[in-house]
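Please read the structure below before turning to the comments.
The values are calculated or read from the model by the stated rules, or taken from the named source; none is laboratory data. Predicted model, so just to flag it, every value in this text is computed and none were measured. For neighbour counting, all protein chains shown are included, and Cβ atoms are generated from backbone atoms with ideal geometry for every residue, glycine included. Quick note on the areas: whole protein, heavy atoms, side chains included, nothing else; ligands and nucleic acids left out. Shrake-Rupley method; radii C 1.70, N 1.55, O 1.52, S 1.80 Å.
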Amino acid sequence: MVLSGCSEQVQRGFLPGTRETTNQTPQLTDLWVNSWIAALIVGLAAWAMMLWCMVAYRRRKSDKGFPRQMAYNVPLETLFTIIPVIMVLTLWGFTDRVQREVDTPVEDSPLTVEVYGKQWAWDFNYSYEGEQKHYQGVQAQLDGTEGVEETLPTLYLPVDVPVEFELKSRDVIHSFWVPAFLRKLDMVPGKSNYMYLTPTEEGTFQGKCAELCGEYHSEMLFNVEVVSEQEFTSQLSQMEDGHVGDEYNRNPNEHEGGAQNQENPVQGDGTTRVDSGGPTGGEDSIGEGDN
């Protein structure tokens with residue numbers, strides 16, 4: 001059991017990815033692992049004192065009546081108040097330092113990716129060295145067939161290039177989460193949240209929505225492809241020009257009866273999802289729609 005703690009997975013706290021996935025994964029990994037080490041030390045000390053009290057002050061056969069009762073002990077109570085406060089403040093200090101580091105804006109980033117979360121897919125707007133491109137995703141169809149992962153919306157990122165993510169929502173609250181990046185941030189309607197990082201390892205990573213956002217939340221998936229800068233520019237050249245903005249937004253709360261009664265919400269591919277079951281639900285079908 002002791003030697004199993006030497007494995008790479010355990011040393012990283014069983015976190016996904018590696019320490020080289022982004023420029024921030026080392027700090028985030030160390031904060032996670034060291035917090036657990038501190039918690040384990042505190043736990044062992046507390047368990048040891050509890051066991052010692054149970055053994056040292058156990059009732060013996062020769063004991064009669066009740067043991068001497070103590071109403072309070074000022075030194076102990078003071079100690080048990082000060083120590084937890086110091087521990088909490090210490091943990092908060094390390095957390096605040098790491099959070100400030102990873103949330104520091106990258107002022108000279110050559111790439112800005114505007115990410116729209118929508119029920120239940122993703123839109124990506126790229127601004128790269130004066131060039132604007134976009135990709136509109138379509139909801140995944142998890143019907144058990146092979147190859148579905150290859151049809152998911154794909155976010156392309158160049159390796160070793162600082163990226164600024166501007167996160168938005170077209171309808172309800174979503175959450176942009178790439179587990180291997182160790183970053184997750186909400187996407188709130190009418191508000192832009194920002195994330196800054198530099199991918200430092202090429203590969204394919206999974207992304208998903210981490211906020212329960214409706215019936216097909218589990219199908220709101222996407223892939224992240226971290227590639228060379230040359231391949232990234234090649235992928236951009238195959239995308240459509242310009243950005244898709246707020247003209248595709250919709251707010252279910254602005255429609256009487258909520259989202260169930262909203263007519264023909266527009267999907268990322270320009271088609272519309274029609275609910276044939278009315279307010280009580282039913283099978284969905286895809287119909288032609290206007291952009």
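Keeping all protein chains in the complex and leaving out DNA, RNA and ligands, what accessible area do you get for SER237 with a 1.4 Å probe, in Å² to the nearest 10?
80
If exposed GluC sites (Glu not before Pro) are those in a DSSP loop with at most 13 other Cβ within 10 Å, what is the longest stretch of the chain that has none?
The longest such stretch corresponds to 21-106.
Mind grabbing the accessible area of PHE14 for me, 1.4 Å probe, Å², rounded to tens?
About 150 Å², ignoring ligands and nucleic acids.
Find out how many positive minus negative residues lie around ASP241, taking Lys and Arg as positive, Asp and Glu as negative, among other residues whose Cβ is under 11 Å from that of ASP241.
-1
Taking a ≥ b ≥ c as the square roots of the eigenvalues of the Cα gyration tensor of the stretch 9-93, is the shape rounded (a/c under 1.5), prolate (a/b larger than b/c) or oblate?
Oblate, because a/c is 1.5 or more while a/b does not exceed b/c.
With N residues in the chain, what two-decimal value do you get for its Cα radius of gyration over 2.2 N^0.38 Å?
1.38
Sum up the charges of everything whose Cβ sits under 15 Å from the Cβ of THR21, counting Lys and Arg as +1 and Asp and Glu as -1, but leave THR21 out.
Residues near THR21 contribute -3 overall.
Sort HIS243, HIS174 by accessible area with a 1.4 Å probe, largest first.
HIS243, HIS174
Given a cut-off of 21 Å, what percent of all Cα-Cα pairs of the stretch 88-200 lie beyond it?
45
Net charge within 13 Å of GLN230 by Cβ-Cβ distance, Lys/Arg positive one each and Asp/Glu negative one each, not counting GLN230 itself?
Taking every other residue near GLN230 into account, the sum is -4.
For the chain, which longest stretch is free of loop sites, where a loop site is one of the trypsin sites (Lys or Arg not before Pro) that DSSP puts outside H, G, I, E and B and that has at most 15 other Cβ atoms within 10 Å?
Values: sites that count: ARG58, ARG59, ARG60, LYS61, LYS64, ARG68, LYS191.
Longest site-free region, per DSSP loop and neighbour criteria: 69-190.
If contacts are Cα pairs under 8 angstrom and at least 6 residues apart, what is the relative contact order of the stretch 138-262 in percent? Show your work: numbers first, answer last.
Values: 210 pairs, mean separation 36.1, N = 125.
Value for the stretch 138-262: 29 percent.
Output ³J(HN,Hα) for the stretch 181-196: one whole-Hz value per residue in order, computed from phi by the Karplus curve 6.51 cos²θ - 1.76 cosθ + 1.60 with θ = phi - 60°, and x for Gly and Pro.
7, 6, 10, 8, 8, 6, 10, 10, x, x, 9, 10, 10, 10, 9, 10
Separation of the stretch 62-121 and the stretch 216-241 by C-alpha centroid, Å?
Between the Cα centre of the stretch 62-121 and that of the stretch 216-241, the gap is 37 Å.
Restricting to lysine pairs 8 or more places apart or on different chains, what number in the stretch 92-194 have Cα atoms under 16 Å apart?
Counting lysine pairs in the stretch 92-194 gives 4.
What residue among GLY147, GLY17, GLY93 has the largest mean-square fluctuation in a Gaussian network model of the chain, using Cα springs under 10 Å?
Of the options given, GLY147 has the highest mean-square fluctuation.
Give me, ordered by chain and number, the residues 5 or more places off GLN139 or on other chains with an amide H under 5 Å from its own placed amide H.
The answer is TRP120, GLY268.
What is the Cα coordinate range of the stretch 118-169 on the first, second and third principal axes, sorted by size from largest, in whole angstrom?
Cα extents, longest axis first: 40, 25, 15 Å.
Sequence-distant or interchain residues sharing an amide H contact under 5 Å with LEU155, placed H: which?
Residues meeting the criterion, in which the H sits 1.01 Å from N, are ASN223, VAL224, GLU225.
Can you give me the solvent accessible area of LEU79 with a 1.4 Å probe, rounded to the nearest 10 Å²?
In the full protein context, LEU79 sits at about 80 Å².
List the residues, sorted by chain then number, that are 5 or more residues from LEU197 or on another chain and whose placed amide H is less than 5 Å from its amide H.
When sequence neighbours closer than 5 places are left aside, the close amide H contacts are VAL163, PHE165.
So how tilted is helix 74-102 from the main axis of the chain? Cα-based, degrees 0 to 90, rounded to 10.
The angle comes out at about 20 degrees.
I need the phi-derived Karplus couplings for the stretch 165-177: 6.51 cos²θ - 1.76 cosθ + 1.60, θ = phi - 60°, integer Hz, Gly and Pro marked x.
Values per residue, Gly and Pro as x: 9, 10, 9, 9, 10, 8, 8, 10, 6, 10, 8, 8, 9 Hz.
³J(HN,Hα) across the stretch 230-243 via Karplus (A = 6.51, B = -1.76, C = 1.60, θ = phi - 60°), whole Hz, x for Gly/Pro?
So the Karplus estimates, Gly and Pro as x, are 5, 5, 4, 5, 5, 5, 4, 5, 8, 8, 7, 6, x, 10 Hz.
Using alpha carbons only, how many angstrom separate the centre of the stretch 17-48 from the centre of the stretch 129-174?
30
Which order do CYS6, CYS209, CYS53 take when ranked by solvent-accessible area (1.4 Å probe, heavy atoms of all protein chains), largest first? It would help to have the intermediate numbers written out before the result.
On the way: CYS6 85, CYS209 5, CYS53 65 Å².
Largest to smallest exposure gives the sequence CYS6, CYS53, CYS209.
Go through MET187, MET87 and list them by solvent-accessible area, largest first, probe radius 1.4 Å.
The residues order as MET87, MET187, largest area first.
Express the accessible area of the chain per residue in Å², computed with a 1.4 Å probe while the remaining protein chains stay in the model. Spell out each step's value before the answer.
Details: 18160 Å² over 291 residues.
Heavy-atom accessible area per residue stands at 62 Å².
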